[in-house]
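Comments concern the structure below.
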Amino acid sequence: MLEIKNLQVNYGPINALKEVTMTIEKNKINAIIGVNGAGKSTLLNTISGLVDPDQGEISYKGRQIQNIPVEKRVKLGIGHVMEGRRLFKDQSVHDNLLIGFYFRNPKEKRRNALLKINEIYKQFPILGNKQNQMAGTLSGGQQQILIISAALLSEPDLLLLDEPSLGLAPIIIDEVYQLLEELKSKGMTIIISEQMAALALRISDVGYILERGQVVKKGDRSYLKSLLDSDGLSSVYLGKAKV
Ligand SMILES: Nc1ncnc2c1ncn2[C@@H]1O[C@H](COP(=O)(O)OP(=O)(O)O)[C@@H](O)[C@H]1O
Ligand SMILES: [Mg+2]
């Protein structure tokens with residue numbers, strides 16, 4: 001689905017990513033785990049095209065994409081929910097979806113936007129029922145679903161979510177994770193970044209641990225869980241919460 005080879009990103013003198021190589025598996029939830037500053041956002045931003053790599057290759061469905069612009073990557077099926085993405089709380093649910101759509105597809109016809117938004121209302125009736133309400137009046141979980149729905153409007157095959165649980169109450173994290181599992185069951189490939197391994201491993205099939213821009217561990221959920229349980233690897237970034 002997505003092959004990343006020797007990816008390197010520098011911000012001036014800062015090496016944010018160093019020779020990152022990974023294979024993102026189709027129809028799985030792939031986790032990128034690392035503390036603040038490890039390079040998670042840089043990695044996701046480089047995949048979606050917001051950041052240009054200094055070196056390396058990204059191939060998506062067999063095609064090299066590292067030099068093509070963001071909008072084209074959206075058209076190829078890469079959706080991205082950026083870190084700290086917020087709603088326009090004093091705009092309606094409907095207008096939030098329109099804004100989210102045009103942010104990603106600036107040249108599309110309005111008719112297409114409305115068609116896609118109607119599909120979202122079918123998929124998430126709660127959003128349809130509340131389409132004229134201010135987004136700020138939705139529950140926390142509904143607000144997250146609205147944020148993710150804006151990315152779903154472009155019908156991505158690959159969805160990137162940068163710390164989707166950040167700042168959310170546990171019950172809302174459950175709702176968001178449940179939605180991600182539903183999306184996976186419909187065939188989507190998902191990459192989430194999280195600071196806490198214990199949290200990410202609740203839903204991820206495979207994961208990569210990123211430390212100072214480098215992949216230091218990778219493996220499937222059971223392997224990463226075993227690392228979490230072993231005292232030898234009780235690093236801060238793994239978190240101590242039970243999986
Ligand atoms: N726009 C930027 N300019 C300069 N340095 C940056 C920028 N964005 C991130 N960095 C630095 O790159 C490193 C990786 O950051 P980031 O990708 O945001 O990590 P994470 O998402 O894991 O917290 C950090 O050292 C951070 O300070
Ligand atoms: Mg980040």
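Evaluate segment 11-31: report whether one residue or more is outside any strand (DSSP E or B), without any contact (Cβ under 8 Å) to a residue 12 or more places away in the chain and within 16 Å of ligand 1 (Cβ to nearest atom).
yes
Restricting the search to segment 26-46, which residues are crowded, with 20+ Cβ neighbours inside 10 Å and within 13 Å of ligand 2 (Cβ to nearest atom)?
Passing the criteria: Ile32, Ile33, Gly34, Ala38, Gly39, Lys40, Ser41, Thr42, Leu43, Leu44, Asn45, Thr46.
Scan (1) open to solvent by 60 Å² or more (accessible area, probe 1.4 Å); (2) within 12 Å of Leu146 (Cα to Cα); (3) modelled with pLDDT of 95 or more for the single condition Asn118 breaks and write down its number.
Just one mismatch for Asn118, condition (2).
Go through (1) under 24 Å from Tyr208 (Cα atoms); (2) under 18 Å from the mean Cα position of the chain (by Cα); (3) not in a loop (DSSP other than H, G, I, E, B) for Leu97 and report which single condition fails.
(1)
Residue-wise test of (1) over 25 Å from Leu2 (Cα atoms); (2) within 16 Å of ligand 1 (Cβ to nearest atom); (3) at pLDDT below 95.
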{"residue": "Arg104", "(1), (2), (3)": "no, no, yes"}
{"residue": "Gln123", "(1), (2), (3)": "yes, no, yes"}
{"residue": "Gln131", "(1), (2), (3)": "yes, no, no"}
{"residue": "Met134", "(1), (2), (3)": "yes, no, no"}
{"residue": "Ser154", "(1), (2), (3)": "no, no, yes"}
{"residue": "Leu159", "(1), (2), (3)": "no, no, no"}
{"residue": "Pro164", "(1), (2), (3)": "no, yes, yes"}
{"residue": "Ile173", "(1), (2), (3)": "yes, no, yes"}
{"residue": "Leu183", "(1), (2), (3)": "no, no, no"}
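The values are calculated or read from the model by the stated rules, or taken from the named source; none is laboratory data. If you're wondering where the values come from, they're calculated on a predicted model, not measured in any experiment. Virtual Cβ from ideal backbone geometry, glycine too; neighbours counted across all protein chains shown. The protein model used for the area step is the full one, side chains on, heavy atoms only, and it has no ligands, DNA or RNA in it. Shrake-Rupley method; radii C 1.70, N 1.55, O 1.52, S 1.80 Å.
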